[in-house]
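First comes the structure, then the notes that go with it.
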Amino acid sequence: MFVNRNLSSLSDAELVSQFKTNGQQDVLSQLFVRYSALLYGLCLKYLKDRDEAKDMVMQVYEKLPAKLKNHEVTYFKSWLYTTTRNECLMYLRSQKGKGHNEFDPSRMENDLVLHLEEEPEMEANLTKLEYCIGQLMDDQKKCVSLFFMQEKCYKEITGLTGFDLNKVKSHIQNGKRNLKICMEKNAGLE
């Protein structure tokens, strides 16, 4: 997807403001692209099916213009996360009795359950994670992003990067360890 370089330098708040002012689709696309991997992971967590998760991410994107225009959004990433989670829960409720598995509590979020009052904390954690990913060595960053964010298998990553299988596994393992260390080191920073 093409992303306008001028828009990519704007903050979420600036993009939300610009979208509310002029309603341009490229502004909305820029916002959405930033967090589509996060949303896909969230949808997959709830729906437990890759195709349903992809469909749900697209449904959220389609509903986004109307929702953004009707809500005052302070922390876009947190708001989008909560909106997507709610869409997943509504979908699961609507599927009860339609041949799908009954809603089960294990699909609910774990100890990291998010409520509106916790949005600033989640925003800070996501910001720290983005920062820590940026601190990884290039090879680790590439492999970690392909594996976790784009859900590529080891074989696909070897083809995309040119690294042998053991290098890919090593970069992912070391990248995960370095992310954990960085997140713990920056735990007190807000």
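Here are the numbers for this structure:
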| quantity | calculated |
| --- | --- |
| Complete set of residues in region 6-29 that are in contact with a Phe, Trp or Tyr (Cβ under 8 Å, 6 or more places away or on another chain) and surrounded by fewer than 13 Cβ atoms within 10 Å (Cβ to Cβ) | Ala13 |
| Of all residues in region 148-190 being among the acidic types (Asp, Glu) and part of a loop (DSSP other than H, G, I, E, B), the one that is modelled with the lowest pLDDT | Glu190 |
| Which listed residue is at pLDDT 75 or above, at negative phi and under 19 Å from the mean Cα position of the chain (by Cα), from Lys69, Lys141, Lys48 | Lys141 |
| Residue under evaluation Gly97, criteria (1) assigned to a helix (DSSP H, G or I); (2) at pLDDT below 75, criterion not met | (1) |
| Top-ranked residue in region 30-59 [being more than 12 Å from Met149 (Cα to Cα) and polar (S, T, N, Q); ranked as surrounded by the fewest Cβ atoms within 10 Å (Cβ to Cβ)] | Gln59 |
| Matching entry among Lys77, Lys67 (being in contact (Cβ under 8 Å) with a residue 60 or more places away in the chain, surrounded by 13 or more Cβ atoms within 10 Å (Cβ to Cβ), of a type in the set (Lys, Arg) and within 15 Å of Ser17 (Cα to Cα)) | Lys77 |
| Checking Lys167 against (1) in contact with an Asp or Glu (Cβ under 9 Å, 6 or more places away or on another chain); (2) under 28 Å from Ala53 (Cβ atoms); (3) of a type outside the set (Phe, Trp, Tyr), the condition it does not meet | (2) |
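The values are calculated or read from the model by the stated rules, or taken from the named source; none is laboratory data. All values derive from a computational prediction rather than experimental measurement. So basically every Cβ, Gly included, is an ideal-geometry build from the backbone, and we count neighbours across all protein chains shown.
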